[in-house]
Amino acid sequence: MTQATLKAQSSVTAGEPGLRLRDVRKSFGSVAALQPTSFDVPAGTLCSLLGPSGCGKTTTLRIVAGFELPDAGQVLIRGEDRTYDPPQRRKLGMVFQNYSLFPHMTVAQNVAFGLRMARVNRAETEARTRRMLDIVHLPQHADRYPHQLSGGQQQRVALARSLVTEPSMLLLDEPLGALDKNLREQMQFEIRQLQREIGITTLLVTHDQEEALTMSDMIVVMDRGRILQAGSPTEVYEHPRTRFVSEFLGTSNIIACTVAGVEGGGLRLRLPGDAGSGFFVADAPARPAGSTALVAIRPEHLRIAPATQAGADEPRATVSGHVFRGAAHVFQLKRPGLDRPLMAYRQITGPVGETVLPVGAEVGLSWLPGTARLLEDEPVREGAA
Amino acid sequence: MTATASWRRLERRLPILLLLAFVLIFFAFLLAPIVFVVLVSFGDSEIIAFPVTSYSLRWYHRLLEYRPLLDSLWFSLKLAGASAVLAALFGVPAALALARSRSGLADLVSTVLLAPLSIPMILLGIALLYKLSAIGLGISFTSLLIAHTVVSIPYVVRTVVAVYRGIGRNYEEAAAILGASRRQTFTYVTLPLIGSGIFSGMLFAVLISLDNLSLSLFFGSAQTNTLPVVMLSYLQNQFDPAIAAIGTVQMIIALVALLLIERTVGLKFMSSPS
Amino acid sequence: MKTLKPCRPLLALAGLAFTVAMPARAADLTVTAFGGVWEKSLRTCYVEPFQKKTGKTVDVVLGTPAQWVNQVAANPAKPPIDVFLTLIDGAEDAKARGLVEKIDPAKVSNLADVPEPLKQVVGGDAVVLHYGAAGLAYNEAKIKNPPKSWAEFIERTLKGEWQAALPGINVASTTPTAVIWNFNDVLGGKVGDISPVIAKMKALRDSGNVIFWNDVNQFLTQMQSGEADIGIYWDGRAWAARDGGFKSLNFYYPAPGGVVSPTVVQKVKNGSPAAWEFIDFLFSSEPQSCWAAAIQYPVASTKAQYKPEQKARMPKLEDVRWPPFAEIPAAMPKWVETWNKDIGR
Amino acid sequence: MTAAAATAIRRSRRALGAGLWPVLPAMIFLLLFFLLPLAENGLQSLYVPDAAGEPVFSLDYYVRLFTDGYYLGVLGRTIWVSLLATIICILIGYPVAFFMVRHAGRWNGLMIFLLVAPLLTSIIMRTFGWNVILARNGVLNSTLMSLGLIERPLRLLQDPSAVIIGLVHVLVPFMVISIAAVLKGIDTRLEEAAELLGASRWRTFREITLPLSLDGIATGAIVVFMLANGSFLTMLLLGGGSVVTLPLLIYQQFLLVQNLGFAAAMGNVLLVLAVISLFLQLRLIRRDGGAS
């Protein structure tokens, strides 16, 4: 069977989400691991659950897999209620964090395991196993044992094992955590490509924002058992709703600005210590003048120019540090009234070494309208002072 | 290679060499008394004496001609094997449940399952003698089997719990998600993975059963004589090397058994990293 | 049932385990025996001729008195044993627990050839089959002038003339009679008051000239390894060791005599009636001679024949001392506790 | 239904041991053939013969065990000897198990055989071997003297040290096999990772290998402690009575005194003692190693 037929078999009626969670809730003892949570993963797409450890992403995955029963709520896979089905009846594929390849079985036996369990006849099992090993580029390792393979190879075997049964959904639990950086990037690409080719709905659990951004069609950012934001990678990256999301995905300059006044549908804000006219943020709910509002500006959006060339209205800052990072210069900027230094990237377009601002230089700050994002107030954190 | 390089090489290997030395001393300690037993078994003298002055195989001939020793050895091996199997049938499911249980009952249950280890066997033997006689089992192979199984269960339970805990849940979850039923997961994944635990538990059980004098004593009859009972009563009246010879034969049987296991199943589950 | 495959050998084995399980009794008569040469001789001198003569089958149970008594006590209505061949303390225990019958001279005609004192043991609930006596065994190579009497043995040990080996408290049916009662009696004590022997034993222990053994064969190991030079031991065992190769081991009975230890026969209540026939056969002269030759002990029947060299070593019935076997069981708890606390060996 | 009520119901369901049913066959078996017979036998300890020899209900045996300094001392010594043997077994057994799993390779089978070989000989023969080695003019003393390490023979037999040597000798294989069974389940990559992170071998061992193998040590410790706690032949044959423990006294009551009541009383005390220490040990393991 070719990859094309794999795809054909796993395609679903349009509009039916590949996975739907409805108000799923789970607590262990007195600890609420998951607040009532709902989200949909469109069929054939890859969705990442992103968050720090203990945020509930693994619990969510284990509930989808059937290892844990939710206290309340529903899990629908391809429109079917699977909430109380045992794992073996859910027809899922899963790659575990440490791969969990059976140590007493060869690579081929590992891959064939799911087919044997489904009582697929021997000839077909062998054929499908061989084809799957071809797909993951490991045909020559069929008779090795897992401990004889490298980390990347084990990863591929785990992937092959999870896909050979043509599952209705693929679960990936931090699948690349154990690999080194280069291999990880390569595998991210490979997995993503395979997933697209097969068109399998996939749920990926990760705490690595880059991985989430590279691989996903959709990112669900979680913290403390609840979803903070869900959306496409660009949406979540460009329009973080809260400080946590903004900081967890990439680097962000978070500035507590003062509301100068309401203008049209937006707000006029002033940087702390800035007496000038401030800047405008569109589409923001009204707030009383004088109150504080958090604004996030990505370092790549922050433009800096030597004070001599800067507009008179631009707020000033001093260069306090500089790092060369290949594709960009990274500047650290200090400005009175800010407790943390600001970060600014300056993309290198010409020969390296051009236009470096020395430490101590005074610069003017500016950004394009629309790149400064007003953040929602954080939900009050449990136990926070 | 320079002198410093070879010195540094040695330095890196030093801990292993020290460990090896320790292990060799350990086995010297372990085998020292046994060496004398084997030597004495080949002695020519009528009584057990050391040093052995002349050697012969006469005590091995004596074994062939004095049937109770060999008969009871065979009986003891059957009993040890059967009780180890029975203990595994009782103990393995219990151990698997206990290892994964979050229940507060688990500690209590474990304590009960391990308690037979702690009671002097002579007390257990006499208590069982009266109990089993009262229910009509009397002095029989079944009674001996029950008694030996009681004391074998703790070994199986404890080693399997330890090994199963060490394995973690992931393999079984992987099997479940691949569609394996509970039973399939157990047969194809759990059982092979806890093999070393079951093996060592059963090995313990066999060893304890073979050396179990106090418990077997009360169930000894003409048909149900175990080796330790026969050896004890033999030794009480005769201090000749036949006892050393039967001990040596016992060791040879164990060696052959272990070799067979290695040839067929392989002892690799006792050593290779999984 | 494909999935059960790996379990199949286990289940098969378990099944086998239960099919091997069968009821114990197979023969017409079951008698007890101590292992080794005794069991072997019991078969050749008694069991085989008896089976030939009567056509009845006899099973021999190896083991120890405590085991046999409890086995019968657990199954009093259907005892697994019909005849006890046991030591006297086991016999006293069996009598106390009501497990045995009086030996009926009417049913055992050969008892006519047995001297009266040997029929009076255990209140008539047992008859002595043969007897040995405890004396002193010593290494001729080391001791040229062994003590004449028990008292002399104690005094010279205290002086440190040699290393002596004595049985510890846990050696059943030796220490209570050969040490506690024997020494106590020699020192002028009574069954109810063993303070004389305890005081002397304390002194002996503290002198450092005594080691203790807790297994009958351990004494021989101690003597051979030079750990000890002299000690209390049994005649038959000592001679067997000497004949077996321990040439420098010698044995004698110090004054006022060796301490007897009889092996006795008892008939179990509710056991097979064939037991009477067997017991009678035990005391007939021909098997008794065979038995005496095999185990090197004097036997009960006055008609038994001995080899001359054996006769020379044998203690005469008049020369051995008889501890008050009937009184000792009642005193034992106290003896053991006192010994434990004061001697601790 | 309130949330608290729901939690309470869930908790009680868990407390009833959901998922614990596979222990039932073993529990029923032990109930019938271990607890019940022992309990019946244990009842005898509550009946003491009166002047006429008739058994009368009395706590006399227990009063004696817990008020008499001698018996309390024996009780303490029983625990102490078992504990000491257990600790020595851990210290000796761990390196051997480690070597067996990590470095023995194809010698592994031989090592297992050599480990169990001593257990296949009768204790009386082993004792004979020790007698030859440890005697006043035995192999060990004459070797030490010819090497000039000692001037006069050491007294090794009839001594508590002989008891400990004998106990460790027969029990250490149980420790080694218990630890090895768990050690082999530990992924060596964890250790490699720790070494790459800059941990020295010793630190790797202390912080990675040792904690991960605690369950094996605990298993071995339980087995060794319990077996030492119940053994008397070693005390009898090697200690020459210099170490008196509770099982030895029980054996005495059987063999010499035939007082099953007092034996049962001491057996009950030993059982309670063992079960308490067993329960405590299990609790400790759960907190330390078993949590993962």
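Above 32 Å lies some portion of the pair distances; for chain D, what is it as a whole percent of all C-alpha pairs? Numbers along the way, then the final one.
Numbers: 19171 of 42486 pairs.
Value for chain D (Cα pairs over 32 Å): 45 percent.
Between B:LEU207, B:LEU260, B:LEU24, the GNM of chain B built on Cα springs shorter than 10 angstrom shows B:LEU24 fluctuating the most.
Taking every C-alpha pair closer than 8 Å and separated by at least 6 residues, the mean separation divided by the residue count of the stretch A:268-369 gives a relative contact order of 33 percent.
Find the Rg to Rh ratio for the stretch A:200-252, where Rh is the Kirkwood radius over alpha-carbon pairs and Rg uses the same atoms.
Details: Rg = 10.3 Å, Rh = 11.2 Å.
Checking Rg against Rh, the ratio lands at 0.92.
With both labels modelled 7 Å from their Cα along Cα-to-Cβ, the C:ASP193 to D:GLU54 distance reads 3.2 nm. Along each principal axis, taking the top coordinate minus the bottom one, the Cα set of chain C gives 76, 63, 42 Å in descending order.
For a paramagnetic label modelled on C:ASP113 (point 7 Å from Cα along Cα→Cβ), amide N atoms under 16 Å away belong, within the stretch C:35-74, to C:45-47, C:49-50. Between A:LEU34, A:LEU170, A:LEU179, the GNM of chain A built on Cα springs shorter than 10 angstrom shows A:LEU179 fluctuating the most.
When GluC sites (Glu not before Pro) are flagged only if DSSP places them in a loop and at most 12 other Cβ atoms lie within 10 Å, the longest unflagged stretch of chain A comes out as A:1-353.
Amide H contacts of C:GLY36: B:TYR234, each under 5 Å away and 5 or more positions distant or on a separate chain (H built 1.01 Å from N in the peptide plane; Pro and chain starts excluded).
Working from Cα pairs under 8 Å separated by at least six residues, relative contact order for chain A is 15 percent. Working ranking of peptides B:155-166, C:171-182, A:320-331 by packing, defined as the average number of other Cβ atoms within 10 Å per residue, highest first, is B:155-166, C:171-182, A:320-331. Computed over the alpha-carbon pairs of the stretch D:9-130, the distance histogram in 10 Å steps reads 9, 15, 21, 29, 19, 6, 1 percent, short to long.
For chain B, what is the relative contact order in percent, using Cα pairs closer than 8 Å and at least 6 residues apart in sequence?
Working: 278 pairs, mean separation 79.2, N = 274.
Computed value for chain B: 29 percent relative contact order.
What does the net charge come to around A:ALA361 if you take all other residues with beta carbon closer than 12 Å to its beta carbon, with K and R at +1 and D and E at -1? Around A:ALA361, the charge tally is +1. Work from the charge dipole of the protein assembly as shown (Cβ charges, +1 for Lys and Arg, -1 for Asp and Glu, about the Cα centre) and give the residue of C:PHE251, C:ILE279, A:GLY177 farthest towards its positive end. Among C:PHE251, C:ILE279, A:GLY177, the one farthest towards the positive end of the dipole of the protein assembly as shown is A:GLY177.
With only alpha-carbon pairs counted, each pair once and no self-pairs, how large is the Kirkwood hydrodynamic radius of the stretch A:251-374 in angstroms? Let's see the in-between values first.
Values: mean 1/r = 0.0664 Å⁻¹.
After inverting the pairwise mean of 1/r, the radius is 15.1 Å.
Could you give the nm distance between label points at C:ALA330 and C:LYS52, where each point is 7 Å from its Cα heading toward the beta carbon? Between C:ALA330 and C:LYS52, the label points sit 4.8 nm apart.
In straight-distance terms, cross-link reach from A:LYS26 covers every one of the lysines whose alpha-carbon lies under 26 Å from its own, apart from those fewer than eight places away in the same chain; here that gives A:LYS57, A:LYS91.
Over the C-alpha atoms of the stretch C:191-345, the Rg to Rh ratio, Rh being the Kirkwood estimate, stands at 1.02.
Neighbouring Cβ atoms from other chains, within 10 Å of the Cβ of residues in D:165-174, number 3 on average. Taking every DSSP helix (H) stretch of at least 4 residues in chain C, weighting each as -39,500 (n - 2.57) and dividing the sum by the residue count yields a mean residue ellipticity at 222 nm of -11000 deg cm²/dmol.
Find out how many positive minus negative residues lie around C:MET332, taking Lys and Arg as positive, Asp and Glu as negative, among other residues whose Cβ is under 11 Å from that of C:MET332. Walk me through the intermediate numbers first.
Numbers: positive: C:LYS334; negative: C:ASP89, C:GLU92, C:ASP93, C:GLU327, C:GLU337.
Neighbour charge sum, excluding C:MET332 itself: -4.
Distance from a point 7 Å along Cα→Cβ of A:THR349 to each backbone N in the stretch A:298-335: keep the residues under 16 Å and list them by number. The answer is A:300-306, A:327-329, whose backbone nitrogens lie closer than 16 Å to the label point. Principal axis analysis of the Cα atoms in the stretch B:1-157 yields extents of 78, 59, 23 Å, listed in decreasing size. Secondary-structure-derived ellipticity at 222 nm for chain D, considering helices only, amounts to -21500 deg cm²/dmol, per-run term -39500 (n - 2.57) for DSSP H runs with n ≥ 4.
Relative to the longest principal axis of the Cα atoms of chain C, the long axis of helix C:195-207 lies at roughly 80 degrees.
Which pairs, out of C:LYS119/C:LYS303; C:LYS95/C:LYS269; C:LYS102/C:LYS190; B:LYS131/C:LYS334, put more than 21 Å between their alpha-carbon atoms? Show your work: numbers first, answer last.
On the way: C:LYS119/C:LYS303 16 Å; C:LYS95/C:LYS269 10 Å; C:LYS102/C:LYS190 29 Å; B:LYS131/C:LYS334 30 Å.
Distance filter (> 21 Å) returns C:LYS102/C:LYS190; B:LYS131/C:LYS334.
Applying 1/(1 + (r/R0)^6) with R0 = 51 Å to the Cβ-Cβ distance of B:SER181 and A:ASP180 gives a FRET efficiency near 0.85.
Please check which bits of the stretch C:163-194 a label hung off D:ASP68 would reach, taking the label as a point 7 Å along Cα-to-C-beta and the cut-off as backbone N under 16 Å. Hits in the stretch C:163-194 for D:ASP68 at 16 Å: C:169-170, C:194.
For the protein assembly as shown, the equivalent ellipsoid derived from the Cα gyration tensor has semi-axes of 80, 32, 29 Å, listed largest first. Net charge dipole, the stretch A:251-374: roughly 240 debye, given to the nearest 20, about the Cα centre with Cβ charges of +1 for Lys and Arg and -1 for Asp and Glu.
Size of chain B from its Cα atoms: along the principal axes, largest to smallest, the extents are 74, 65, 32 Å. Other residues whose C-beta falls under 13 angstrom from the C-beta of B:LEU124 contribute a net charge of 0, scoring Lys and Arg +1 and Asp and Glu -1. Here the protein assembly as shown is treated with +1 on each Lys and Arg Cβ and -1 on each Asp and Glu Cβ, and its dipole about the Cα centre works out to around 1560 debye. Counting other Cβ atoms within 10 Å as a rough exposure proxy, the listed residues B:HIS148, B:HIS61, C:HIS130 run B:HIS61, C:HIS130, B:HIS148 from fewest neighbours to most.
Taking N as the number of residues in the stretch A:293-359, what value does Rg over Cα atoms divided by 2.2 N^0.38 Å take? Before the final figure, lay out the partial values.
On the way: Rg = 12.2 Å, N = 67, 2.2 N^0.38 = 10.9 Å.
This ratio for the stretch A:293-359 stands at 1.13.
Spatially, the stretch C:273-296 and the stretch A:224-275 are offset by 109 Å when compared through their Cα centroids. Comparing D:LEU72, D:LEU227, D:LEU237 in a Gaussian network model of chain D where C-alpha atoms under 10 Å apart are linked, the largest mean-square fluctuation is found at D:LEU72.
Rule-based calculations on the coordinates, nothing more; no lab input. What you see is a predicted model, and the numbers here were worked out from it, not measured in a lab. All Cβ positions, glycine included, derive from the backbone under ideal geometry; neighbour counts span all protein chains shown.
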